[in-house]
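In what follows, a single structure is set out as structure tokens and then discussed.
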Amino acid sequence: MVIGAGVGGLTAAALLARDGFQVTVLEAHVYPGGCAGTFYHKGYRFDAGATVAGGFQPGGPHDIVGRLLGIDWPIQRADPAWIVHLPDRTITRWGDAARWRDERDRALPALRRFWDVQERAADAVWDVAGRVPEWPPASPGDLFRVLGKVHPAMIPLAPLALTSVGRWLDALGVRDRTARTFIDAQLLISAQTTAAHANALYGAVAIDLPRVGAYHVRGGIGMLARALADALVAHGGAVQYRQTATRIDVQPDGTFRLRTDKGAVHDADMVLGNLTPWALNGLLGDHAPAHLRRETAQRAATWGAFTLYVGAPASALPADGDHFQIVQHDDRPLGEGNSVFVSVSDADDPARAPHGHRAITLSTHTRIGPWWALRESDPPAYQARIAEYRDRLLDGAERAIPGLRQSATLILPGTPAAFQRFTRRPGGMVGGFAQTSLLAARGPHTGIPNLWLVGDSVFPGQSTAGVTAGALRVAAEVRRAAAVRRVVINGWRSSEAG
Ligand SMILES: Cc1cc2nc3c(=O)[nH]c(=O)nc-3n(C[C@H](O)[C@H](O)[C@H](O)COP(=O)(O)OP(=O)(O)OC[C@H]3O[C@@H](n4cnc5c(N)ncnc54)[C@H](O)[C@@H]3O)c2cc1C
């Protein structure tokens, strides 16, 4: 059984169905995709969270999965990937190598030495990423597999594995504030933290997406999950929508009994939770192992998101790009409306908006605590906060799309409470854990045999590509666990027969 039809859950489910496992996915919502879903509202198809996808380059996670499952992804390359508006300059993140070199040398000369190492590090990691999904290693077997495949080009990069991007920039003498704000903004959307905390090797890869290829998905990003759900069914599996798993009981023989809000009961040998650790802990209740209870009590909450879904006439939108990242002030922390990511649906994708219009998703990172505190204690102040964040996001978006406020025909806000409701992620915590240390990365293990986490709480974390890489690892673990189980059961049978 798989709980959750996010990209991570569906990828693992479809891979296992292809291998002959009997797989059923329980999904609370009426369509798949979770944070990478696309919802319908007043003629628009809005991307709920994720808008730009990577990992389709040869050997990238979506490419590997697409080939294994026979999926022809409905994608088209976005170049430029996005345009970054900083307070004093604009930087276009071209995918084309020559244009990007010219652009970064023009706009960010202080980072020249940084890019050389960043690209070498990213190339080396991309080369092994698809083949070495066993990070963090959970057993001597995992470690052996990782070491056996390490690329010689990675050895000189080893120091990056143990430091932060911030210290790396310090060592290169990069003090230019704009350059550092640029790197912080790139890392916040790809590593869930800024340079001071982001692991340097992870960061080198995380900010590489435009170079290896950023893509739009025709029909909206939710079409990735739909393609995966179709592949799952084609390989003999099933997705049951409107089924919220409400409880997982671990049976005395180590198997599982799952209950849903519709009163359904499912027995399973193995369970994958496309869930955060907090959600899994809640479903297990008394069955939660001590270390999962400790983890969920001790870990700080991850980021939430505040979003705006905006419909606007195509004639009012810029022609120079579809994705924009805006930082309004470089002397204030990012997130909370000071950094905004804006994505406009493809001009030639009629499925996304009424004729002559386009669907726009705006998002910013936000701390979830204040939202929930106000929602419960002071509803008028909560509404005022929504209005304030709406204005902050529109102010930011106006840098890239002048006149957006006036031209918008529809503006719909999304709070952490909305994310909790529509993705069932406790508190509306999204994006997984900040990737601060490779040695402290969270793997898929739960402390209960044959029960794994999959999704962006698991290394390598957030993004459709990240959760796909994690799902490849989890599917491999399930296969190995099933093989061991078969040997044990066959052993019992033959000893009973004997
Ligand atoms: C605002 C925002 C912008 C983002 N931008 C990008 C981007 O541009 N590019 C990118 O690649 N990534 C982006 N991301 C990150 C990306 O969307 C996520 O990392 C990824 O989609 C998470 O996938 P997941 O497999 O963890 O599943 P989730 O998306 O968390 O989905 C889990 C699914 O499980 C279901 N579920 C949960 N609990 C239960 C239950 N008890 N019973 C049944 N079903 C349940 C939910 O309904 C949901 O469908 C963004 C995220 C956000 C929030």
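The values are calculated or read from the model by the stated rules, or taken from the named source; none is laboratory data. This structure is a prediction, so every number in the text was calculated from the model and none was measured. Using ideal geometry, Cβ is built from the backbone for each residue, glycine included, and neighbour counts are taken over all protein chains shown.
Structure data summary
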read-out: Single condition V233 does not satisfy, out of (1) touching a residue at least 40 places away in the same chain (Cβ under 8 Å); (2) closer than 24 Å to R424 by Cβ; value: (1)
read-out: Matching residues, the range 8-42, being within 15 Å of the ligand (Cβ to nearest atom), among the aromatic types (F, W, Y) and assigned to a loop (DSSP other than H, G, I, E, B); value: Y31
read-out: Check on D208, among the acidic types (D, E) and at pLDDT below 95; value: yes
read-out: Residue within the range 452-474 that is in a helix (DSSP H, G or I), of a type in the set (A, V, I, L, M) and more than 15 Å from the chain's Cα centre (by Cα) present; value: yes
read-out: Which listed residue is more than 30 Å from L472 (Cβ to Cβ) and among the charged types (D, E, K, R), from R145, R99, R120; value: R99
read-out: Lone qualifier among D330, D320 - being in contact with a Ser or Thr (Cβ under 7 Å, 6 or more places away or on another chain) and either surrounded by fewer than 24 Cβ atoms within 10 Å (Cβ to Cβ) or in contact (Cβ under 8 Å) with a residue 12 or more places away in the chain (or both); value: D330
read-out: Near pairs, Cβ below 8 angstrom, 6+ apart or cross-chain, from the range 142-163 (touching a residue at least 24 places away in the same chain (Cβ under 8 Å)) to any residue that is of a type in the set (D, E); value: H151/D127; A153/D123; A153/D127
read-out: Any pair with Cβ under 8 angstrom, 6 or more apart, that starts in the range 30-42 at a residue that is touching a residue at least 40 places away in the same chain (Cβ under 8 Å) and over 16 Å from I3 (Cβ atoms) and ends at one that is in a strand (DSSP E or B) and near the ligand (Cβ under 7 Å from one of its atoms); value: A36/G6; A36/A53
read-out: Pair list, Cβ under 7 Å, 6 or more apart: the range 188-213 residue more than 16 Å from R442 (Cα to Cα), other residue aromatic (F, W, Y) and within 14 Å of the ligand (Cβ to nearest atom); value: I189/F341; G213/F56
read-out: Residue match in the range 222-242 (condition: over 30 Å from V2 (Cβ atoms) and surrounded by 16 or more Cβ atoms within 10 Å (Cβ to Cβ)); value: no
read-out: From the options A153, A138, residue that is at pLDDT below 90 and either on the phi > 0 side of the Ramachandran plot or touching a helix residue (DSSP H, G or I) at 6+ places or on another chain (Cβ under 7 Å) (or both); value: A153
read-out: Yes/no for P133 being within 21 Å of A12 (Cβ to Cβ), modelled with pLDDT under 95 and within 14 Å of the ligand (Cβ to nearest atom); value: no
read-out: Among residues of the range 20-49, those that are of a type in the set (D, E) and either surrounded by fewer than 24 Cβ atoms within 10 Å (Cβ to Cβ) or within 15 Å of S345 (Cβ to Cβ) (or both), counted; value: 1
read-out: Extreme residue, surrounded by the fewest Cβ atoms within 10 Å (Cβ to Cβ), among residues of the range 402-442 that are part of a loop (DSSP other than H, G, I, E, B), among the aliphatic types (A, V, I, L, M) and modelled with pLDDT of 95 or more; value: A408
